[in-house]
1. Quick check on my filter: what residues within region 38-56 are loosely packed, with under 10 Cβ neighbours inside 10 Å, in a loop (DSSP other than H, G, I, E, B) and either touching a His at 6+ places or on another chain (Cβ under 6 Å) or not charged (D, E, K, R) (or both)?
2. With respect to residue 59, determine if the residue is surrounded by 11 or more Cβ atoms within 10 Å (Cβ to Cβ), of a type in the set (Ser, Thr, Tyr) and part of a helix (DSSP H, G or I).
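The values are calculated or read from the model by the stated rules, or taken from the named source; none is laboratory data. As the structure is a prediction and not an experimental result, all values here were calculated from the model. Glycine also receives a Cβ, built like all others from the backbone with ideal geometry; neighbour counts cover every protein chain displayed.
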Amino acid sequence: AMSSTRQRVLALYKELHRLGRDYPDPNYDFNARIRRMFDKNRALTDPAEIEQALRFGEYIKNETLALYSLRKYRYLKQRY
């Protein structure tokens, strides 16, 4: 169970890091914030807390994807 949780955490971290490359506001420093969030939760041992942190990470991922979709839509709308 522990290794599968670890794999989920690493996969989420990598995905968020990849998403951070295209973050529209360079002053926000998305990847550094993600790094700090993961470092802050590094010592979690309670499975419920770990699950809650993972859900929050998934929420951030989905919100970031929505932001990118919105940006693409606005760009296309502006062009035509």
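1. 43, 45
2. On the way: surrounded by 11 or more Cβ atoms within 10 Å (Cβ to Cβ): no; of a type in the set (Ser, Thr, Tyr): yes; part of a helix (DSSP H, G or I): yes.
So residue 59 does not fit the description; no.
Residues checked against (1) more than 21 Å from residue 11 (Cβ to Cβ); (2) modelled with pLDDT of 95 or more; (3) hydroxyl-bearing (Ser, Thr, Tyr):
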| site | (1), (2), (3) |
| --- | --- |
| 35 | no, yes, no |
| 67 | no, no, no |
| 72 | yes, no, no |
| 76 | yes, no, no |
